[in-house]
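Have a look at the structure below, then the notes.
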Amino acid sequence: MEVAGRLIVSALLIASSLAELNSTEAQGRSTCTASLGGANLAETHKALILKLNADENCTWTIERPENKSIRIIFSHVQLDPDGMCESENIQVFDGNSTNGPLLGKICSKNDFVPVFESSYNTLTFQILTDSTRIQRSVFIFYYFFSSGTSIPNCGGYLDAMEGSFTSPNYPKPHPELAYCVWHIHVEKGYKIKLSFKEIFLEVDQHCRFDFIAVYDGSSTNSGLIEQVCGRGTPTFESSSDSLTVVLSTDYANSYRGFSASYTSIYAENVNTTSLTCASDKMRVIINKFYLESFGYNENNLQLNDPTCRPKVSNVVEFAIPLDECGTIKRVEDHSITYTNIITFTASPTSAVITRQKHLQIVVKCEMEHNSTVEMMYITEDDVIQNQIALGKYNTSMALFESDLFENPILESPYYVDLNQTLFVQVSLHTSDPNLVVFLDTCRASPTYDFASPIYDLIKSGCSRDETCKVYPLLRHYGRFQFSAFKFLRSLSSVYLQCKVLICDSSDHQSRCSQGCVSRRKRDTSSYKWKADSILGPIRLKRDRSSSGNSELLHQTHADKTQSQPFDRLHLFSFVVLALNAVIVATIAAKRFVNQRTEYKYQRLQHH
């Protein structure tokens, strides 16, 4: 009876799909020919099956007087597989003509289901085909929607290591005209395994009406894994820590939708254990089979603080903060060490004996000399295993709008006025609250590789520029400000590079606590944790317009020069000018040598 019931349901699904397909062909099928030239579409929603010939050039405009946006979905595109995107494509424009902003281009090389949304109540798409004589077809579905309204439980962001989600209204019929996007993101180093417990959508060979699209990445442009519909329980696996799932439905034949769940899979192959050290945590990965070989599981593990529990997937992971979970910090002359212990607890078989090995994993991260030395050893009775790796403190540098340091500037390059005050912050990304950042050296250069000339803003913790102000020590932030300038006889760009020292705040004799030291002997105090950050380019606002026209101006000048007669008078004038230029250059060179040239720059004033 169950098999018969499934056959009946499948027959009904196929029948309903054929009925919708016939209705679509009757209402929306059209042959795009050069003579037809496209059409205007004004229905609130419509499906089109376009049978395309060679050498087509058609433009379609969708318009609606209401104040709504348009969503257009190309759920099935069959173009020339060997065609070039330049000669055979579909272009979608925002507005009522091909002069509007281009929203996107579709061709046979696309690896996604193309979906576009207009900013206005009109949208235009143009279809071009090449001269190859093959069968082509495009299924297009569009509808109007209000951007201010949304369907409950339609999409969202999922960032837990495992979870589940369903289509809206599940297990009741899904809503019509729905477009839902779920972004799944897990921790770095993990992949995602997505399992559909049920998919119950409209049946179609090409999944043109209702479909689920699964993308291998953080967006719908990440690469399509598969487009599915009908009934089934498929499983997918990402290649990274992100996965995107889309549900798209049309205006007819609503069914139960889908129910799905996902879990995290550690991507690397760990035979026994592994350790990585970062600025904010120690990360321990333990193979489940390794635990089982000793008769343990994840429930038998605990840190110095037993309330800190591991994450469990195909491996057991402890993400141990440097200042929590019982982590012990030790500061010595030139190093900081963080230590924690994973112990294995098991119920003894009696009060006298046990047949299980006493297993301990001692996790140790030592920060030293601009790197992180990672060590972990495991004690199995008297057996010790050692693992060592290298890492660095994580720092970054950014410009900010004001001395509040609240809104970082994301423009690159960043255009400024001469003498405009610039606010710079170097940030240390760590969970250890006792570390401070000290700006030892900050310098500027017109090139990203910091070749000559170089201009020092800060050196040995001291300001070397009259406009530079260094802010007091503030935990994980090193801050300073200065007035914008440009280099003479150089490019208009300015790059910044800062060398920072990282110290323990409890060490009052450290280099960070000494502040500005202009003259000092060889330093032996305990900073020893260095990091470099580079920022740029910064450019003058007036260079934004001139840079784009300089080549044109040079070319125009060259054309004019070639068009003029080159007689003896011009030759004589040229020789006189050349001699004057040599004399002026010689005098300037002598004056330049006699002057102090420590910084090779000059501040320009406003006019």
Q: With all protein chains present, calculate the accessible area of LYS46 using a 1.4 Å probe and round the result to the nearest 10 Å².
A: 30
**Q.** From phi via Karplus (6.51, -1.76, 1.60), per-residue ³J(HN,Hα) for the stretch 92-106 in Hz, x at Gly/Pro
**A.** 10, 10, 8, x, 9, 7, 6, 8, x, x, 6, 7, x, 10, 10
Q) Could you give the length gained on full extension between LYS197 and SER396, defined as 0.36 nm per residue of separation minus the Cα-Cα distance, in nm? A) 67.3 nm
Q: Can you sort GLU226, GLU411, GLU187 by 1.4 Å-probe accessible area, starting with the largest?
A: GLU411, GLU226, GLU187
Q. Short version: ³J(HN,Hα) in whole Hz for each residue of the stretch 256-263, in order, from phi by Karplus 6.51 cos²θ - 1.76 cosθ + 1.60 (θ = phi - 60°), x for Gly and Pro, what are they?
A. 5, x, 8, 9, 9, 9, 9, 9
Q: Mind checking the per residue accessible area of the stretch 45-145 for me, 1.4 Å probe, whole number of Å²?
A: 41
Q. Which pairs in the list LYS172/LYS311; LYS288/LYS311; LYS193/LYS288; LYS68/LYS172; LYS51/LYS105 are over 23 Å apart, alpha-carbon to alpha-carbon?
A. LYS172/LYS311; LYS68/LYS172
Q: Scan around ARG136 for amide H atoms under 5 Å from its own, H built in the peptide plane at 1.01 Å from N, and keep only partners 5 or more places away or cross-chain.
A: LEU52
Q.
Using a 7 Å offset from the Cα along the Cα-to-Cβ direction at both PHE294 and LYS68, what is the distance between the two label points in nm, to one decimal?
A. 6.4
Q) Peptides 207-216, 132-141, 496-505: what's the order by average Cβ count within 10 Å, highest mean first? A) 207-216, 496-505, 132-141
Q. Roughly how many percent of the accessible protein surface of the stretch 156-266 is carbon and sulfur, given a 1.4 Å probe and a whole-percent answer?
A. 46
Q. Spin-label point model (7 Å from Cα, Cβ direction): what's the SER239 to SER218 distance in nm?
A. 1.7
(Q) Using the Cα centre of the stretch 45-145 as origin and beta-carbon charges of +1 (Lys, Arg) and -1 (Asp, Glu), tell me which of THR132, TRP60, PHE145 is placed farthest towards the positive end of the dipole. (A) PHE145
Q: Using a 1.4 angstrom probe on heavy atoms only, work out the carbon and sulfur share of the accessible area of the stretch 45-145 in %.
A: 44
Q) Within the stretch 457-488, whose backbone N sits under 18 Å from a point 7 Å along Cα→Cβ of VAL517? A) 458-464, 473
Q.
Longer than 29 Å from Cα to Cα, which of LYS281/LYS459; LYS329/LYS499; LYS191/LYS281 are they? Say none if no pair is.
A. LYS281/LYS459
**Q.** Estimated dipole of the stretch 45-145 in Debye, rounded to 20 [Cβ of Lys and Arg +1, of Asp and Glu -1, Cα centre]
**A.** 340
Q: Would you mind listing how long the stretch 45-145 runs along its three principal axes, going by Cα atoms, in whole Å with the largest first?
A: 41, 24, 22
**Q.** GluC sites (Glu not before Pro) within the stretch 79-155, DSSP loop, no more than 12 other Cβ atoms inside 10 Å
**A.** GLU86
Q: Using θ = phi - 60° and the Karplus relation 6.51 cos²θ - 1.76 cosθ + 1.60, list the HN-Hα couplings for the stretch 495-500 in order, rounded to whole Hz, with x at every Gly or Pro.
A: 10, 10, 9, 10, 9, 10
Q. By per-residue mean of other Cβ atoms within 10 Å, what is the highest-first order of 456-466, 151-161?
A. 456-466, 151-161
Q. With each label point set 7 Å from Cα along the Cα-Cβ vector, what nm distance links ILE341 and ASP82?
A. 7.1
Q: Report the relative contact order of the stretch 45-145, percent, no decimals, based on alpha-carbon pairs under 8 angstrom and at least 6 residues apart.
A: 50
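The values are calculated or read from the model by the stated rules, or taken from the named source; none is laboratory data. These figures come from a predicted structure and were not determined experimentally. Neighbour counts run over all protein chains shown; Cβ positions are idealised from the backbone, glycine included. The area values use the complete protein model at the heavy-atom level, side chains included, leaving out ligands, DNA and RNA. Shrake-Rupley method; radii C 1.70, N 1.55, O 1.52, S 1.80 Å.
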